[in-house]
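Below: the structure, in structure tokens.
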Amino acid sequence: MTINLNEEDKKNFNDDGYIIKKGLFNAKEIENIMKALESDPLIKEHMFDRDDSDGNSTLSVQWNNPGNSSYGVGARLNKVVNIVEQLLEEEVYHWHSKVTAKAAREGGAWEWHQDYGYWYNHGCLYPKMMSVMVAIDKSVKDNGCLQVLKGSHHIGRIDHIKKVKENGDLGQICADQERIKWAETRHENIYCEMEPGDSLFFHGNTLHGSGANKSDMRRWALLFCYNSASNNPFIETHQPYYKPIIKADDNYIIDNGVTFGDGSENFQSTYTKKS
């Protein structure tokens, strides 16, 4: 199925650096994805911590090959890839996917950053990259929904630094703090509240972050990240080179039930392993 974006969608993305597509995944798809994420031994095996400056952690799992699992194949669905290709106006390939999981009352914050702030160092010359965040749980301000600075992708790439915690440990990589202070005076802070199945499409240079989860609700989200086919990295890193996406039928997740990873996902061990 091809979802054709209207001109307003394209204009909003180009102007604001993001759009939200309500109900892109239906309730049954989200149910199957959630069951797979909660039960797949591969997810549990590769789950990692990422602490914020206050020591609160967000759990994360990242993989390079989308595969055929209920949670991975979403990155290959026609309805997702076709929107991404319309927004970036060219063929794209799968960069990586990941889960971010904030536990109730414990889930940590994410510092302001640009995804391209990281990916630039992985050899991608141009910011022709983007991410799709699919809400698995209800995502609101109280449980640490994603925030974006509207239109901040027009700033261009900002230098990123590794923050140091009060105890001297290294923390998250974030955008230059002085630039963030100025950006917040020029760009509206949008809380991207979403229902399960809603999907946020945002540009690689859009500044985004999130607060800690202070609620009694957990906040899990699934992210698919893409690079333009013409933007192949010029250096070798843990990120993949161009490989055409084998698009999957939009009914795949429902037709195939709850499916786990098969070991071909190439999970990435990026942060501190959850004990």
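Here, each number is a calculation from the coordinates, and none is a lab measurement. Since this is a predicted model, take the numbers as computed values, not measurements. Don't worry about glycine lacking a Cβ; one is built from the backbone with ideal geometry, like all the others, and counts go over all protein chains shown.
Which ³J(HN,Hα) values in Hz, rounded to whole numbers, follow from the phi angles of the stretch 226-237 under the Karplus curve 6.51 cos²θ - 1.76 cosθ + 1.60, where θ = phi - 60° and Gly and Pro get x?
9, 10, 5, 4, 7, 10, 3, x, 9, 10, 8, 9
Mind listing the long-range amide H neighbours of MET129? Cut-off is under 5 Å, sequence gap 5 or more, other chains count too, H placed in the peptide plane at 1.01 Å from N.
Answer set, sorted by chain and number: GLY204.
Determine, for each peptide in 194-206, 224-236, the mean count of other beta carbons within 10 angstrom over its residues, then list the peptides with the highest first. Don't skip to the end; give the middle numbers.
Numbers: 194-206: 23.2, 224-236: 18.2.
So the order, starting with the most tightly packed, is 194-206, 224-236.
Pick from ILE190, ILE253, ILE180: which residue has the top mean-square fluctuation in a GNM of the chain where Cα pairs under 10 Å get a spring?
Most flexible of the set in this elastic network: ILE190.
State, to one decimal in nm, how far the label point of ILE235 lies from the label point of ASP262, with both points 7 Å from Cα in the Cβ direction.
In this crude label model, ILE235 to ASP262 measures out at 3.5 nm.
Assign one of three labels to the stretch 7-262, namely rounded, prolate or oblate, based on the Cα gyration tensor with a ≥ b ≥ c the square roots of its eigenvalues; rounded applies when a/c is under 1.5, prolate when it is not and a/b is larger than b/c, and oblate otherwise.
Working: a/c = 1.37, a/b = 1.13, b/c = 1.22.
Judged from the Cα gyration tensor, the stretch 7-262 comes out rounded (a/c under 1.5).
Note down the net charge around ASP16, summing +1 for each Lys or Arg and -1 for each Asp or Glu among other residues with Cβ under 13 Å from its Cβ. Can you show the working numbers first?
On the way: positive: LYS10, LYS11, LYS150; negative: GLU8, ASP9, ASP15, GLU188.
Summing Lys and Arg as +1 and Asp and Glu as -1 gives -1.
Amide H of ALA248: which non-local residues (sequence gap of 5 or more, or other chain) have their own amide H closer than 5 Å, using H built in the peptide plane?
LEU77, ASN78
I want to check the label-to-label distance for ASN189 and LYS11. Put each point 7 Å from Cα in the C-beta direction and report it in nm to one decimal.
2.9
Among LEU59, ASN227, LEU200, pick out the residue whose Cα is farthest towards the positive end of the charge dipole of the stretch 7-262, where Lys and Arg carry +1 and Asp and Glu carry -1 on C-beta, about the Cα centre.
LEU59
Straight distance only, please: which aspartates and glutamates reach the Cα of LYS214 with their own Cα at less than 17 Å, same-chain residues fewer than 8 apart left out?
Partners found: ASP51, ASP52, ASP54, GLU106, GLU111, ASP137, ASP142, GLU193.
Which far-off residues, 5 or more places away or on another chain, put their amide H under 5 Å from the one on ASP137, with H placed in the peptide plane?
TRP220
Restricting to Cα pairs below 8 Å that are 6+ residues apart, what does the relative contact order work out to for the stretch 7-262? Please round to a whole percent.
Numbers: 595 pairs, mean separation 89.2, N = 256.
RCO, the stretch 7-262: 35 percent.
Fewest first, what order do HIS46, HIS113, HIS154 take by the number of other Cβ atoms within 10 Å?
Working: HIS46 21, HIS113 18, HIS154 14.
With the sparsest Cβ surroundings first, the list reads HIS154, HIS113, HIS46.
At a 10 Å Cβ-Cβ cut-off, how would you order ASP16, ASP9, fewest neighbours first? Intermediate results must be reported in sequence, preceding the final value.
Working: ASP16 21, ASP9 18.
By the 10 Å Cβ count, ascending, the order reads ASP9, ASP16.
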